[in-house]
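Worksheet for the structure shown next.
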Amino acid sequence: MKNLIFRFLAVVFTVLQFAGCMDFPSSEYDLKLPEAPEIWVSVFGQPHWRLEWLDPGGNKRTADISPGGGKKVELPVTWANPVTAWPYWPGHNLIPGFFKPAGGLFPFDVDGESLILSWKAGLDTVFYWELASAYGQNEKKIPANFDWQRFRELFTSGDLKEDVSKDPWLIDWQFVAEKTMSSNFDRRRLVPEKTQPMTIPVSHGYWYGTSPFADPLFFPENETPEFQIRSGVNVWFSAEGILRVSDKTWVFTEFK
């Protein structure tokens, strides 16, 4: 993935050079992180954050922020640029990537000298990285030139199904990115990823997912909980512990 991203950046720089932007001007922005969902904080405490962004040299940078901390980053101002913030809780072995991120897109989310990160824009930044990863399928398309404004409007236009408008993380964004690069973007692909049901003998009651937009699951006492499993690692948590599921394997870690 890293090599593909660097190839994508090389093309971006070439385009900008022909446009006369040889010096790649940059500015520093103070990142404004969103509040974490109340249920996440009540169970795990305030999150740490793993930041990802592109510096003026086109290098992918990362940094970690402790709860209550802040960060300023220098961004190139000649093209659309993603800043992703992954919440994580090292004390519970919940590494970056398990929970869905917040994020911001330059220049759309700039407010003065700040870049405002939000849960809605976290989706935009992940799709940006997925487009960069799939870039080799069509070297004429550059994620920085994608119509991000129109893309955002899709989720408030009423043109998408209600479930994905409410929780866009139901969509397989890697698949959408690959299809976008190999052909064209098509909103008809914005549908929930297929899942497989799995009954798991964990406790009844409420279970919460890793999307900030997802409604909790509720299982009554006389019902064996059934979870819808997607590809990769699936994570849910309750007041009693954390459930991790991958393919046909699951592990429940009880809170001590």
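The values are calculated or read from the model by the stated rules, or taken from the named source; none is laboratory data. All values derive from a computational prediction rather than experimental measurement. Quick reminder, even Gly has a Cβ in these numbers, built from the backbone with ideal geometry, and neighbours come from all protein chains shown. Note: areas computed on protein heavy atoms with side chains; ligands, DNA, RNA excluded. Shrake-Rupley method; radii C 1.70, N 1.55, O 1.52, S 1.80 Å.
The relative contact order of the chain, computed from alpha carbon pairs under 8 Å that lie at least 6 residues apart in sequence, is 14 percent.
Using a probe of 1.4 Å on the protein chains alone, the accessible area found for ASP215 is around 100 Å².
Based on every Cα atom in segment 141-256, Rg and the maximum pairwise Cα distance Dmax equal 17.1, 53 Å. Beta bridges from DSSP with both residues in the chain: antiparallel share about 95 percent, rounded to the nearest 5.
Only helices enter this figure: runs of n ≥ 4 DSSP H residues, each worth -39500 (n - 2.57), summed and divided by the residues of the chain, yield -7000 deg cm²/dmol at 222 nm to the nearest 500. Taking θ as phi - 60° and the Karplus parameters 6.51, -1.76 and 1.60, the scalar couplings of segment 114-130 work out to 10, 10, 8, 8, 9, 5, 5, 6, x, 4, 4, 5, 5, 5, 4, 5, 5 Hz in sequence order, x denoting glycine and proline. Over all Cα atoms in segment 54-131, the spread is summed up by Rg and Dmax: 12.7, 40 Å. Peptides 60-68, 88-96 ranked from most to least packed give 88-96, 60-68, packing being the mean of other C-beta atoms within 10 angstrom over each peptide's residues.
Checking the table LYS72/LYS141; LYS32/LYS100; LYS100/LYS141; LYS32/LYS72; LYS32/LYS141 against a 19 Å threshold on Cα-Cα, which pairs fail?
LYS72/LYS141; LYS100/LYS141; LYS32/LYS141
Computed with the Debye formula from one identical point scatterer per Cα of segment 145-184, without solvent, the log10 of I(q)/I(0) at q = 0.28 Å⁻¹ comes to -1.10. Both radii are taken from the alpha-carbon atoms of the chain; with Rh as the Kirkwood radius, Rg/Rh is 0.99.
So which GluC sites (Glu not before Pro) in segment 91-158 end up in coil per DSSP with only 16 or fewer other C-beta atoms within 10 Å?
Numbers: sites: GLU113, GLU130, GLU139, GLU153; in loops: GLU113, GLU139.
Counting only loop positions with at most 16 other Cβ atoms within 10 Å, the GluC sites (Glu not before Pro) in segment 91-158 are GLU113, GLU139.
Global dimensions of segment 162-215 from alpha-carbon coordinates: Rg and Dmax equal 14.5, 45 Å. Can you tell me which of GLY103, GLY232, GLY209 moves the most in a GNM of the chain? Springs connect C-alpha atoms under 10 Å apart. Of GLY103, GLY232, GLY209, the Gaussian network model singles out GLY232 as fluctuating most.
Structure remark: mean-square fluctuation, Gaussian network model of the chain, C-alpha springs under 10 Å; the largest value among SER27, SER165, SER133 belongs to SER27.
The residues of the chain present an accessible area of 52 Å² per residue when probed at 1.4 Å with all protein chains retained.
Solvent-accessible area of the chain (1.4 angstrom probe, protein heavy atoms only): carbon and sulfur portion equals 48 percent. Taking Cα atoms only, the orientation of helix 2-18 departs from the longest principal axis of the chain by about 30 degrees. Label zone of PHE155 (point 7 Å out along Cα→Cβ, amide N under 17 Å): in segment 172-186 this covers 172-177, 186.
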